[in-house]
Amino acid sequence: MKLDQILLDPAAAYDNPLQVVEDASLEQADKIHVLHRWEYDARQLAVAESEGMGKGNATVVLDQVLQALEALGAEPGVE
């Protein structure tokens with residue numbers, strides 16, 4: 001899958017954020033970019049869930065994304 005496609009929906013490309021870290025086909029900077037995109041998506045979903053829109057696990061996913069960023073030595077925060 002191409003990076004442009006992955007960035008559109010990281011959750012569709014990977015089962016969990018740790019798989020991004022382990023993806024040998026991506027450069028370090030690309031992994032961080034993908035995880036920042038995933039972080040943005042998870043934060044948006046968490047806000048929606050807090051407002052009663054949808055039921056999900058955005059907080060769990062966000063925690064996993066933050067752990068994956070930490071594993072890469074990257075700071076959280078959407079680029």
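The values are calculated or read from the model by the stated rules, or taken from the named source; none is laboratory data. Note that the structure is predicted; figures quoted are calculated from it, not measured. Methodologically, a virtual Cβ is constructed for each residue, glycine included, from the backbone with ideal geometry; neighbour enumeration extends over all protein chains shown. Side chains are part of the model used for accessible areas, which takes the heavy atoms of the whole protein and leaves out ligands, DNA and RNA. Shrake-Rupley method; radii C 1.70, N 1.55, O 1.52, S 1.80 Å.
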Among the residues of the stretch 33-45 satisfying the criterion of being open to solvent by 30 Å² or more (accessible area, probe 1.4 Å) and not aromatic (Phe, Trp, Tyr), which is farthest from ALA74 (Cα to Cα)? LEU45
Condition met for GLU39 (charged (D, E, K, R) and more than 13 Å from the chain's Cα centre (by Cα)): no
Of the conditions (1) without any contact (Cβ under 8 Å) to a residue 40 or more places away in the chain; (2) within 9 Å of the chain's Cα centre (by Cα); (3) more than 18 Å from GLU75 (Cα to Cα), ASP15 fails just one. Which one is it? (2)
So VAL61, is it modelled with pLDDT under 95, in a helix (DSSP H, G or I), of a type outside the set (Asp, Glu) and open to solvent by 50 Å² or more (accessible area, probe 1.4 Å): no
In the stretch 1-32, how many residues are closer than 18 Å to THR59 by Cα, open to solvent by less than 60 Å² (accessible area, probe 1.4 Å) and assigned to a loop (DSSP other than H, G, I, E, B)? 2
Unique match (being assigned to a loop (DSSP other than H, G, I, E, B) and either at pLDDT below 95 or surrounded by fewer than 18 Cβ atoms within 10 Å (Cβ to Cβ) (or both)) among GLU75, GLU49, GLU70: GLU75
